[in-house]
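J.: Here it is, the structure, as structure tokens.
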Amino acid sequence: MELTTLLQQLINGLSIGSVYAIFALGYTLIFSILGIINFAHGAVFTLGAYFTYALTGARFGFNGIFAEAQLPFGLPFLLALFVGAGLAGLVGVLVERALFRPLRARGADPLLTLVSSLGIAVALVNTIQYFVGAEVYSFPSSVLQGLPPSVNFGTPEAPLVVRTVQLVIGVISLVILVVLTWFINRTKTGRALRAVAEDSTTSSLLGINTDRLILLTFFISGFVGGIAGTLVGLSVTITGPYFGIAFGLKGLAVIVLGGLGNIPGAVLGGIVIGIAENLLPSSAVAYKDAIAFAILFVVLLIRPQGLLGRTQVQKV
Amino acid sequence: MDQFIATYGFLMINMLLQAVLALSLYLPLMAGQLSLAAPGFFAIGGYVAAVLSTQKFLAVPGTSYGEPLNAFTLWLAGIFPFTPPGAAYPIGLVLVEMGIGGLLCGILAVVIGLPALRLRGIYLALATIAFVEILRVLALNLPITGGAIGIFGIPQPFPQDATKFSYAIITVPFLALAAWFVYRLERSRVGRAFIALREDELAATAMGIDPTYHKVLAFVMGAVLAGMCGALSAHVLNTWNARQGTFDASILILAYVIIGGSRVWLGPIVGGLFLTALPEVLRQVAGIDGLPVWLSSFLSDGRLIIYGLLIAFGVLFFPQGVVTPERLERKAKSPSPRAAEEAVT
Amino acid sequence: MSETLLDVHKLTCRFGGLIAVNEVSFAVQRDEIFGLIGPNGAGKTTLFNLITGLTPATSGRLTYRGDDIGRLKPHQIAAKGIARTFQNIRLFGNLSAQQNVMVSQHVHTRSGVVAGVFGLPGARSEERMVREEAMQLLEMVNLADRAHVKARNFPYGDQRRLEIARALALKPQLLLLDEPGAGMNPNEKASLSAFIRDVKDKFKLTIVLIEHNVPLVMGLCDRIAVLNFGELIALGNPAAVQNDRAVIEAYLGDEP
Amino acid sequence: MSAGTPLLELKHLTVHYGAIQALKDIHLVVYPGEVVTLIGANGAGKSTTLRAISRIIAAKAGEILFEGQSLLAERPDRVVRMGIAHVPEGRRVLARMTVEDNLLLGAYIRGDSAGIADDLEQQFERFPRLRERREQLAGTLSGGEQQMLAIARALMSRPRLLLLDEPSLGLAPIVVREIFATLRQLNSAGVTVLLVEQNATLALQMAARGYVLEAGSIKFSDTADKLMIDERVKQAYLG
């Protein structure tokens, strides 16, 4: 492989990897606090993409209740991205209030919460389909108004061409990663969040309203999930209501690789898997989707606590 | 009645098959292992049947299907005299395929289970999800599985004009046997060891129960059942491809067990039957005259929304599942009011 | 009182930087009641976990009836005849009292899946025997009338006795009791000594017990080992231990 | 001393764990400025009593009053805001966070950053070893240091009532002495203390009054001096 190609693949890998990372953060935040995997996260990812799509003023297709509907206004892409993600975050909040909190209050087995989140995923995906059908939607090229489709970082002789979309995605995800990391590590609320993640009972003994922080966690989780959904939708297309399910599964591989509930781990895991997928030789491209799961399986068998996770001592 | 069977024959067969799948997930869960590998073994079983029936065991002489049977398959087919006349394929061979599919899955389960079952709780669930997804990608790309198209034209062991309901002759006994097996297992020494491991693995090992052996055993039994079920399903569906046995199926099967009841053999069966029928039931409800248009359109087009919400909230209202050992026992002990009345008079 | 049943030799257990058990050595003789006391967090339960294989030892040697059991898995150790109860009671909550006891007969029975599922004669007679033996054990701990009640629905004291019955079903030679009196009311506690002696005689057991109730330990045990910060600080008969200065200081606090 | 309105009052408090009754009909009073101790064997229900006051576990029946106000309708974080700090059994420092983060979390309910900074300084004066380990992860501290951190953390909320669960657990006598000396200072500075201890001698030396808990019920209560010489206490807990 030539150096420029390699560099290009690396940049592509880093770009998609950073999306994996912010998406996986949504999983890992909830896991670190509740010890459960929220399988509805993939559906929230999809929702975020659809919300943003609608908010940019784009038109829906011929199927579903909202056939051919269109908002009377169109927000600029960046604004639509954040509002859409905010709406996805609110869906996360709704799920926590309606289901997860009552389940916690009853002291339910985490397995039940897991199944419940699977039910929510099914309901959300089909709600999308009910309203806007199962068509493929792509963001109109006008969202990146004024930007050239690609940038050449090399010389005309040795081109290193990167799609602008990749750059936009990479920059937005990195900004979100930085802000989120700052929030968790440097603010009072972030400190409380870490405390709840480590020991929620003790946190409540310190005067922390754990339920409120859990709600906040669900909002953040939905928000970053929604951002990731839009960014992937922008990069490829929104491939229909099931858009997020496959991505959601890959996100699982990412968080296991980094260590369940480990925030830096999720970032590292996302980037590793993003790059690994992009460095695959073209003969094996058909197996691309298996890469993440092969990594997941092997990591679980060799080092179940993940790259950055710590082993837990079982209490007798 | 004929009309009913023609319309719902396939649904009813599918309900029975899904109930078996639910049992196959329940078996490892009995030993405390949350494995979502059932759809993977289901898919393998299906491919075994599809490959064997379309490429290895050839069709019955005198039909339009392919070449005559070879001596071995003829002999196999001959052991089961109840192959319906006019069928393109002997039922006996379907059973043989189920056996082979189950056996292969069992062997694979030992290989995978030995390392994977050291994982606990959600980690095992994730590893098994990975297993299912890897299998799916392989199925999409390998020549033997027919790639993305899959394998079609899987021969039917019934005359061409028969409905899918004919499969009841295999499916009903299959479910009955599987249910009986699990029912008996729960009352046996090994089943008790499973349940002890689920209740408290540490205490169980301190009482002399080998955790690895029993976990792998439960995992293998589930795999065999899922593989057999897959082999049968391939015939029922007539075609087999990588869409069979995916992660979605894992979710669904887990929902059968959790909603139906995860602590007693009847739970998964009830869950599998009920949840498989539910979308169709909703569609029927939507068709009732006099409903407002928006409601009937929601009931039919949005039935999967209702389905998802039922699962999501079902666990809130039935945290132990619909069928629990306690409810079963109460039923068994207190005779129905009717019976009590009769006893008095 | 001459044969050594269990020999603990320089046993050490570290968790990260913390030394939970530090080079502890003692020998338990056949037929004695051996007490293990010490302040909370002294490493008593960890020692039980080491003996039963639930926690791997960092170093040291464990010998039971002359065999090295240091590398055996918990179920293998149980099968060799070491049974235990747990400080925080670990019954199979959703199983009935009888089923709890039946589980422990696992190592003394043989029937596999096929025999069990098909109800072959061997499995059936085995099952009948296991059932009856479980009932006998429940009778001995006065729980036979509630054999079909779920374990989790028993009061605290009954759960402790049920746990002992479950351990006895292993037909052990060595029984480890982790705070058998914890959470019992005074009446139950008063009869506990007699009960433990009774069990010991009936089943020809050797018993090691952890207990905080000082009169109970002093009255019941033939010998007592005292742990503090993972180290063995005294070992001897009750009278000697009671008068040991190190023990008084460690166990009873800073006496004026 | 035992005069005026009680700071804390438990009436008929009953708590269940599933089918098991953990506490039955507990009556207990703590007056402002007192050190009251709750002694008893393992599993007698001492920690459960504290946990019920902090509302981490639900009461089945009875009443918990703090300055005459019922706590039963409050969430755990509200109880802290009302002025009760709980140092749980086993210390429960947040092991993966720094010493400073732990202390700042103790002041989570407060918004006065100047006051918090002062109090932080005050804790470092009180426990100089915590200052040395300020940036260290709490999980790397020794048992005694963790106990100090847990107490200091609780004090950061400026509580009027301090619930202390087995502060001597697993600590060397010399460390225990140090911690109890600090507790005496705190008490003379006006903090009321409800102390749960298995080490009865130690607890009774420090407390004015004591309650003896047995199998979930209060067996008897008296002044610490009288309990110290009480034969029943001696027999069961003093050896």
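Any read-out appearing in this document is the output of simple, stated calculations on the displayed coordinates, not a laboratory observation. As the structure is a computational prediction, the values presented were derived from the model and not from experiment. Every residue, glycine as well, gets a Cβ built from its backbone with ideal geometry; the counts of neighbours run over all protein chains shown.
J.: Need one number: nm distance between label points at B:PHE318 and A:VAL161, each 7 Å from Cα along Cα→Cβ, rounded to one decimal.
T.: 5.8 nm
J.: Within 10 Å of each Cβ of B:123-129, how many other protein chain Cβ atoms are there on average? The partial results should precede the final answer.
T.: Values: counts 6, 2, 4, 13, 9, 2, 8.
For this peptide, the per-residue mean of nearby foreign Cβ atoms is 6.
J.: How would you classify the protein assembly as shown from its alpha-carbon gyration tensor, with a ≥ b ≥ c the square roots of the eigenvalues: rounded for a/c under 1.5, else prolate if a/b is greater than b/c, otherwise oblate? Don't skip to the answer; put the middle values down first.
T.: On the way: a/c = 1.97, a/b = 1.33, b/c = 1.48.
Verdict is oblate for the protein assembly as shown.
J.: May I pose another question? Taking springs between alpha-carbon atoms closer than 10 angstrom, which of B:PRO211, B:PRO268, B:PRO319 fluctuates most in the Gaussian network model of chain B?
T.: Residue with maximal mean-square fluctuation among B:PRO211, B:PRO268, B:PRO319: B:PRO319.
J.: Continuing with this model, one more query. Take the alpha-carbon centre of region A:251-307, take the same for region D:26-63, and report the distance between them in whole Å.
T.: 49 Å
J.: In whole angstrom, how far apart do the alpha carbon centroids of region A:144-169 and region C:172-248 sit?
T.: Measuring centre to centre over Cα atoms gives 78 Å.
J.: With only Lys, Arg, Asp and Glu charged, each at its Cβ (+1 for the first two, -1 for the last two), find how big the charge dipole of region B:247-345 is about the Cα centre; round to the nearest 20 debye.
T.: Working: 8 positive and 8 negative charges, 58 e Å.
Dipole size: approximately 280 debye.
J.: May I ask for the longest run of chain C untouched by trypsin sites (Lys or Arg not before Pro) that are loop-located per DSSP and have at most 12 neighbouring C-beta atoms (other than their own) within 10 Å? Show your work: numbers first, answer last.
T.: Details: sites that count: C:ARG71, C:ARG110, C:LYS204.
Within chain C, the longest run free of exposed trypsin sites (Lys or Arg not before Pro) spans C:111-203.
J.: How many angstrom separate the Cα center of region B:1-62 from the Cα center of region D:180-194?
T.: With region B:1-62 and region D:180-194 each reduced to a Cα centre, they are spaced 71 Å.
J.: I would also like to ask the following. Would you mind checking which residues have amide H under 5 Å from D:ILE57's amide H? H placed 1.01 Å from N; only 5 or more apart, or other chain.
T.: Counting only residues 5 or more places away or on other chains, the set is D:ALA52.
J.: Under 20 Å from the Cα of A:LYS188, which lysines turn up, not counting those fewer than eight places away in the same chain?
T.: Within the straight-line limit of under 20 Å, A:LYS188 reaches no lysines at all.
J.: May I ask for the angle, rounded to the nearest 10°, between helix C:156-168 and the longest principal axis of chain C, with both axes built from Cα atoms and the value confined to 0 to 90°?
T.: Roughly 80 degrees between the two axes.
J.: Pick from C:VAL114, C:VAL24, C:VAL241 the residue whose mean-square fluctuation is largest in a GNM of chain C, springs joining Cα atoms under 10 Å.
T.: Ranking C:VAL114, C:VAL24, C:VAL241 by mean-square fluctuation puts C:VAL114 first.
J.: I'd like the mean, over residues of D:37-46, of how many other protein chain beta carbons sit within 10 Å of each residue's own Cβ.
T.: Numbers: counts 0, 0, 0, 0, 11, 11, 11, 4, 1, 0.
Whole-number average of other-chain Cβ neighbours for D:37-46 is 4.
J.: Something else about it: Kindly point out which whole DSSP H helices in chain B project their C-alpha atoms 30 angstrom or further along the helix axis while averaging a Kyte-Doolittle hydropathy of -0.5 or above. Don't skip to the answer; put the middle values down first.
T.: Details: long enough: B:2-30 (40 Å, 1.39); B:91-116 (37 Å, 2.23); B:121-141 (31 Å, 1.76); B:211-237 (38 Å, 1.27).
For chain B, where a helix must reach 30 Å along its axis and average at least -0.5, the hits are B:2-30, B:91-116, B:121-141, B:211-237.
J.: I want to verify a result. In a Gaussian network model of chain B, Cα cutoff 10 Å, which of these has the top mean-square fluctuation: B:LEU291, B:LEU273, B:LEU237?
T.: For chain B, modelled as a Gaussian network with Cα springs under 10 Å, the answer is B:LEU291.
J.: Cα gyration tensor of chain A, axes a ≥ b ≥ c as square roots of the eigenvalues: rounded (a/c below 1.5), prolate (a/b > b/c) or oblate?
T.: oblate
J.: What does the highest-first list of D:156-168, A:74-86 look like by mean Cβ count within 10 Å?
T.: D:156-168, A:74-86
J.: Other chains near D:92-98: what is the mean number of their Cβ atoms within 10 Å of each residue's Cβ?
T.: Working: counts 7, 3, 10, 2, 6, 4, 1.
That average works out to 5.
J.: Quickly work out the D:ASP118-to-B:TYR213 label distance, labels modelled 7 Å from Cα along the C-beta direction, and quote it in nm with one decimal.
T.: The answer from the label model is 6.9 nm.
J.: Assuming R0 = 30 Å, what is the FRET efficiency of C:SER25 and A:LEU301, from their Cβ-Cβ distance, to the nearest 0.05? Walk me through the numbers before you get to the answer.
T.: Details: r = 38 Å, r/R0 = 1.28.
My answer for the efficiency is 0.20.
J.: Mind pulling the angle between the C-alpha long axis of helix D:143-155 and the longest principal axis of chain D? Nearest 10 degrees, somewhere in 0 to 90.
T.: For helix D:143-155, the angle is close to 90 degrees.
J.: Positive end of the dipole of region B:247-345, charges at C-beta (+1 Lys, Arg; -1 Asp, Glu), about the Cα centre: which of B:LEU291, B:LEU252, B:PRO279 has its Cα farthest in that direction?
T.: B:LEU252
J.: For region C:92-189, rounded, prolate or oblate, judged on the Cα gyration tensor with a ≥ b ≥ c (square roots of eigenvalues), a/c < 1.5 rounded, else prolate if a/b > b/c?
T.: Values: a/c = 2.59, a/b = 1.96, b/c = 1.32.
It is prolate, given that a/c is not under 1.5 and a/b is the larger ratio.
J.: Follow-up question, since we're still on this one. Which aspartates and glutamates have a Cα less than 14 Å from the Cα of C:LYS171, not counting those fewer than 8 places away in the same chain?
T.: Leaving aside aspartates and glutamates fewer than 8 places away in the same chain, those within reach of C:LYS171 are C:GLU133, C:GLU163, C:ASP201.
J.: Next question, about the same structure. Please give the peptides A:256-262, D:18-24, A:280-286, B:88-94 ranked by average Cβ packing (other Cβ atoms within 10 Å per residue), highest first, as a rough proxy for protection. Could the numbers behind the result be given before it?
T.: Numbers: A:256-262: 26.0, D:18-24: 18.4, A:280-286: 10.4, B:88-94: 22.9.
Highest to lowest by the protection proxy: A:256-262, B:88-94, D:18-24, A:280-286.
J.: Here's a follow-up. Once Lys and Arg get +1 and Asp and Glu get -1 on their Cβ, which of A:ALA253, B:HIS235, A:VAL44 lies farthest toward the positive end of the dipole of the protein assembly as shown?
T.: The listed residue farthest towards the positive side: B:HIS235.
J.: So, R0 is 35 Å and r is the distance between the beta-carbons of D:ASP225 and D:ALA58; what FRET efficiency does that work out to, to 0.05?
T.: Working: r = 36 Å, r/R0 = 1.03.
It comes out at approximately 0.45.
J.: Can you pick out the pairs among B:LYS331/C:LYS189; C:LYS44/D:LYS46; C:LYS189/D:LYS11; D:LYS11/D:LYS226; A:LYS288/C:LYS73 whose Cα atoms lie more than 30 Å from each other?
T.: Working: B:LYS331/C:LYS189 39 Å; C:LYS44/D:LYS46 21 Å; C:LYS189/D:LYS11 27 Å; D:LYS11/D:LYS226 24 Å; A:LYS288/C:LYS73 41 Å.
Among B:LYS331/C:LYS189; C:LYS44/D:LYS46; C:LYS189/D:LYS11; D:LYS11/D:LYS226; A:LYS288/C:LYS73, the Cα-Cα distance tops 30 Å for B:LYS331/C:LYS189; A:LYS288/C:LYS73.
J.: At R0 = 51 Å, how high is the FRET efficiency between A:GLN70 and B:ARG187 if r is their beta carbon distance? Nearest 0.05 is fine. Write out the running numbers ahead of the final one.
T.: Values: r = 63 Å, r/R0 = 1.23.
With R0 = 51 Å, the Cβ-Cβ based efficiency is 0.20.
J.: Among bridges DSSP assigns within region D:142-225, what percent are antiparallel (round to 5)?
T.: Approximately 55 percent, going by the DSSP bridge assignments.
J.: Tell me what chain D gives for mean residue ellipticity at 222 nm when only DSSP H runs of n ≥ 4 count, each as -39,500 (n - 2.57), the sum divided by the residue total, rounded to 500 deg cm²/dmol.
T.: Working: 9 runs with 84 residues, N = 239.
Dividing the helical sum by the residues of chain D leaves -10000 deg cm²/dmol.
J.: At 7 Å along Cα-to-Cβ for each site, give me the label-to-label distance between B:ASN141 and A:VAL83 in nm.
T.: 4.3 nm
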